[in-house]
Structures are given as C-alpha cells and as structure tokens.
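The values are calculated or read from the model by the stated rules, or taken from the named source; none is laboratory data. Owing to the predicted nature of the structure, the values given are computational and were not obtained by experimental measurement. Positions of Cβ are generated from backbone atoms using ideal geometry, with glycine treated the same way; all protein chains shown enter the neighbour counts. In case anyone asks, the SASA skips ligands and DNA or RNA and just uses the protein heavy atoms, side chains included. Shrake-Rupley method; radii C 1.70, N 1.55, O 1.52, S 1.80 Å.
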Amino acid sequence: MTDSMRAYSDPNETPPLAQAIPLGLQHVLAMFASNVTPSIIVAGAAGLAFGGAEQVYLIQMAMLFAGIATLFQTVGFGPIGARLPIMQGTSFAFVGVLAGIAATQGLSVALTACIIGGVIHFFLGSVIQHLRFLFPPLVTGLVILAIGLYLIPVAIKYAAGGAAPFQMEAESFGSLMHWSVALSVVIVSLLFKFFTKGTLSNSAILIGLIVGYLLALAFGMVNFSAVGKASWFTNISALPYGFEFSLGAVIAVTLVSIVSAIETVGDVSATTKAGAGRLATDTEIAGATYADGLGTAVAGVFGGLPNTSFSQNVGIVGMTGIMSRHVVTIAAIVLILCGLVPKIGAVIASMPLPVLGGGVIVMFGMVAAAGLNMLSEIDMNRRNMVIIAVSLAAGLGLNLVPEAVQYLPGVVKTLATSAVAPTAFVAIFLNLVLPDEV
C-alpha cells in the first residue's frame, strides 16, 4: 500500500474531491449492471411488459434505494450503519425466490414478503453473532451455489430470446442473431476483465452490456418508444402493488435474508481487513446488518427489491487501499440521482433480452463460482461430501420437478420448490446432526 493510500485507511478521512469523485464513480460502475438486473428478471417473471412503464419503475427503485441503503451504511444514524465504505445494491440471492413468488402469486405478495423480511433482517442485527454457527462455509457455500445453479438456466433462456413461454415458443428463440449479441457481451466482458486494469476491469460487465446494446441496435433489435414516453422526474408510489401477505413467501424471503446477513458479515470483515488491516468490530457488524434490513424494508414499501452489501465493491477497497466511507457516499448520491430520472430507467429497460442474457451468463455463473470458492475452504471428507450431495439433490431436484410435491400445503410447497430453502434446511440439519469424521 502506498503512502498516499495509507493516508485514507481511516473511514472518516476523505481524499480530495478530484480523487474522491472518480473513485465514487468507479464504485457505481462496478455494481451498476448487477444492481438493476434482478429487477428486470423479477419484473419479467411477474409478467410485466419488457420495456414498459412498470418495469422502468422497478429499475428506478433499484437505483434509488441502492443509493439510499448505501447512505444508511456509510453515513448511518444511531446503531444503524457500519459507517464503512460498503456499497449496497439489489441482491441476486433473492432473485430465484422472488421470481418464483412473482410468477405464481404476483408482485404484491413478493414485495410484501420483502418488507416483512427486511424488518426481520433488521432485528437480526442484535443476534447475528449468535447465528453464525448455523452458517459455516459448508452451509453458506451450498446455499450460494444453489442460487447460482438455479439462475443459470434463466441466463441461457434470456440469451436465446427470453424466459416467458411466448418468447421460448417464438421462431426467433435461439437464433444466431440472439446468440451473436449475447456472446459479444460475454467476450467483451472477459476481455476487459482480464486484459485491462482499474476502472475498466471493474466495469467489465457494464462495458460488455454497452457493446452488446450497440450491436443489438445495429441489428434493429432496440425499441426506444418507452424512452420517449418516460418523464424526466420520477413519481414515487408507496405500496404500488398493494400489501398481500403469504406466510410461505415471507418464510422463503426471511431464510434468504439470514444467508444475506451472513454474507454481509463477511463483506464487513473483508472491508476492514483489506482497507485498514484490522478485524471488524461487533458494532460495525451489527450496524451493517441493521442497514441491510432497513434498506430492504424501505425499498419494499416503494417497489424495490432487497438490498445487501456488494462484494465486488469490497474488492475495490482492497485494490485501492482507500477506506474512506465518504467516497462511497458520493457513489450513493450518483445512484440516487439516476433513480430519480425515469429516462435512465427507460434506456436500461430498452435493452434487448439477449444483451441482458449475455451479461447474466457471466453474473449468475459468478454466483455459482462464489459458492464453489467458499466450499473450497472446507475439508472434502465423506461427511461433508454427503451433506453437499443430499442438500443439492433435495434443493435443485424439487425445484426441477415441482410436481413431485404437488400435494403439499401451499406454504410448504412454496418453500420446498424454491431451490434455496430446501438446500439450506437440509445442509443446516445434516451439519448439526452428522458426527465429524475422526
């Protein structure tokens, strides 16, 4: 770490604005694509028109409340917020569960579950230290791997032309044009990630999406009609889809919230270690969890999806060595401004599905890879391999063949076919009851 970087290893120090603003923009670029993608997928699962006003609104809320949730972390108030350079964003971990709920029960149920799940997540801040034993790397890695494996088929469908039945039945589904656009995103993303450095490398997926978007534009695949209709200033609505309670949906979202909270603990710990060379305090971990939950609950009220800390931004702190929380506060303000301008959301919503598909092939694959990376920390003995085998078989098997549990009550069926919930339940149970190998 250079002397100039070491000077900003204190979260309360701020580099000069000429340095702080570009660093803040770098944080936005690194997470932007990952932040808006979950809203696009859940909107599609709910049957909202691609590029329509409702989808644009959900994209706006993703940007707006990622910024607000980030301010909860960096600025904080009372016990809320780690007051560290932690970037919040819409979490991929919830996509599988929320897409399933939105498709079968509607966005009202999904967003209500987000609100209640966020409140429960908030209160985890006071007990998170006592729950960590339930989620060792074996369990957490399995859950993250299950999320990635569940989402990968969605990525392939989007790359081929879309995940809705009418899109998959279309003659153009799987066409060479669709795959040319999707693969251009993958190739450009990989080239920038591994053959450039700094901001370009951190923004690789965003750059790939822009290149794919331009190629799709050349192919005549882009429709700008929604951009022209979109206003310049947003009209935010509380409970835009109403409030509709479902116990199964709440349980499923809460379960993922616990996993998300454990991930945030890891991100806080990694941030303090990478940026300041120290361990995270209990106050910082609790504050980060409070901010996670509050950000999720508030976002849900206005149509936003759950927020959590973004690991890729932790990597930026480690790379630059600049620990200033005020740099990330600048990034939060940029996101809020983007969220308040519907035309920005409309431009994003005009992105053809194959373009998005190319991006999420990389993103969802990285989710699965992150789970594998976590599992690499454990001893692959017979006990742990049995836990991995049975947990994944139960979680992914029931998700792929939901008819196998068609006679279960509604709440239980929702959980059993969510992929994430059964994987987590089985892994936690087996990890607690199976004896360690001698």
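Largest accessible area first, the listed residues 71, 247 line up as 247, 71 when surface is computed with a 1.4 Å probe on the assembled protein chains.
Across segment 1-96, the mean sequence separation of Cα contacts (distance under 8 Å, 6 or more residues apart), normalised by length, yields a relative contact order of 27 percent. Of the residues 193, 229, ranked by 1.4 Å probe accessible area with the largest first, the sequence reads 229, 193.
Residue by residue, segment 302-309 carries 3J(HN,Hα) couplings of 9, x, x, 8, x, 10, 8, 5 Hz when phi is fed to the Karplus relation 6.51 cos²θ - 1.76 cosθ + 1.60 (θ = phi - 60°); x denotes Gly or Pro.
Accessible surface for the chain, divided over its residues, is 40 Å² per residue with a 1.4 Å probe. Other residues within the sphere of radius under 10 Å centred on the Cβ of residue 325, judged by their own Cβ, net out at -1 (K and R +1, D and E -1).
Dividing the convex hull volume of the alpha-carbon atoms in segment 1-155 by its residue count gives 167 Å³ per residue.
Calculate how large, on average over all directions, the projected area of the Cα convex hull of the chain is; give the answer in nm² to one decimal.
For the Cα atoms of the chain, the hull's average projected area reads 21.2 nm².
Close amide H pairs (under 5 Å, H built 1.01 Å from N) link residue 244 with 112, residues at least 5 positions away or on another chain.
Largest mean-square fluctuation among 55, 73, 167, in a Gaussian network model of the chain whose springs join Cα atoms under 10 Å apart, belongs to 167. Residues 325, 132, 382 ordered from highest to lowest accessible area at a 1.4 Å probe: 382, 132, 325. Apolar share of the accessible surface for the chain: 70 percent from carbon plus sulfur atoms, 1.4 Å probe. The Cα-based radius of gyration and maximum Cα-Cα distance (Dmax) for segment 255-302 are 11.9, 38 Å. Distance distribution note for segment 243-357: the fraction of Cα pairs above 23 angstrom is 45%.
A compact globular protein would have a Cα radius of gyration near 2.2 N^0.38 Å; the ratio found for segment 236-282 is 1.78. For segment 103-149, the alpha-carbon coordinates run over 34, 31, 10 Å along the three principal axes, in decreasing order.
Computed over the chain with a Gaussian network model linking Cα atoms closer than 10 Å, the most mobile of 424, 113, 170 is 170. The separation of segment 408-438 from segment 117-147, counted between C-alpha centres, amounts to 14 Å.
When the Kirkwood radius is taken over all Cα pairs of segment 35-91, what Stokes-Einstein diffusion coefficient follows at 20 °C and 1.002 mPa s, in µm²/s? Estimated via Stokes-Einstein, D reaches 175 µm²/s. Backbone phi angles across segment 182-190, fed through the Karplus curve with coefficients 6.51, -1.76 and 1.60 (θ = phi - 60°), yield HN-Hα couplings of 4, 5, 5, 5, 4, 5, 5, 4, 5 Hz in residue order; Gly and Pro are listed as x.
Here the 3J(HN,Hα) profile of segment 379-385, calculated from phi with Karplus coefficients 6.51, -1.76 and 1.60 at θ = phi - 60°, is 7, 7, 8, 4, 4, 5, 5 Hz, Gly and Pro shown as x.
Remark on residue 173: its backbone amide H falls under 5 Å from none of the residues 5 or more positions apart or on other chains, H modelled at 1.01 Å from N.
Across the chain, the mean sequence separation of Cα contacts (distance under 8 Å, 6 or more residues apart), normalised by length, yields a relative contact order of 34 percent. In percent, rounded to a whole number, the relative contact order of segment 243-375 is 19, using alpha-carbon pairs under 8 Å and six or more apart. Between residue 134 and residue 379, the FRET efficiency estimated from the beta carbon spacing at R0 = 22 angstrom works out to 0.70.
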